[in-house]
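Here is the structure we will look at, set down as structure tokens.
The values are calculated or read from the model by the stated rules, or taken from the named source; none is laboratory data. What you see is a predicted model, and the numbers here were worked out from it, not measured in a lab. All Cβ positions, glycine included, derive from the backbone under ideal geometry; neighbour counts span all protein chains shown. The protein model used for the area step is the full one, side chains on, heavy atoms only, and it has no ligands, DNA or RNA in it. Shrake-Rupley method; radii C 1.70, N 1.55, O 1.52, S 1.80 Å.
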Amino acid sequence: GATRPFGGTEAIGGLFGLAADGPRRLLWAAEASGPDIPGSGSGAAETALVCFDLDSGWLIRRYPLSEPGAHQLNDVVLGPGGSVFTSDARGGGVYRLRANGGVLERVGASDRSGPLRAWRWPTRDAP
């Protein structure tokens, strides 16, 4: 098969964790940019969960993490009911994006910044 650019013409930062949602034809990725991310320039550090159309490669939507402090979204997993979870490699914690969209909400926390430890997980993925 032929290769083609994925992601359209929208500028994106470095992509970290990926999760493909085959039934909904979506690709989820943790994105980060800033002076500490190779190839992303010297602008302000930013991180987001991004959603691509799996068939066309076009960026559908970016869900930025807007909490204060140092953050870098990293791993991405699909949860029950269409929720998407992502870890924060710098600030510690786990964030959820509910299936109906909205904003990233913190659902798991570490006992300190840095490596993720001492998890407190939600008991279920409530709608």
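It is to be established whether one or more residues within region 105-123 are open to solvent by less than 60 Å² (accessible area, probe 1.4 Å), modelled with pLDDT under 95 and under 13 Å from the mean Cα position of the chain (by Cα). Yes, the conditions are met somewhere in region 105-123.
Within region 82-102, how many residues turn out to be part of a loop (DSSP other than H, G, I, E, B) and not basic (K, R)? Here the count works out to 7.
Which one is surrounded by the fewest Cβ atoms within 10 Å (Cβ to Cβ), of the residues in region 59-69 that are in contact with a strand residue (DSSP E or B) (Cβ under 9 Å, 6 or more places away or on another chain) and part of a loop (DSSP other than H, G, I, E, B)? Only one residue fits best here, namely S66.
Taking each residue of region 33-45 that is open to solvent by 40 Å² or more (accessible area, probe 1.4 Å) and at pLDDT 70 or above and looking for partners that are in a loop (DSSP other than H, G, I, E, B) and among the polar types (S, T, N, Q) with beta-carbon atoms closer than 7 Å, six or more apart or interchain, yields P35/S42.
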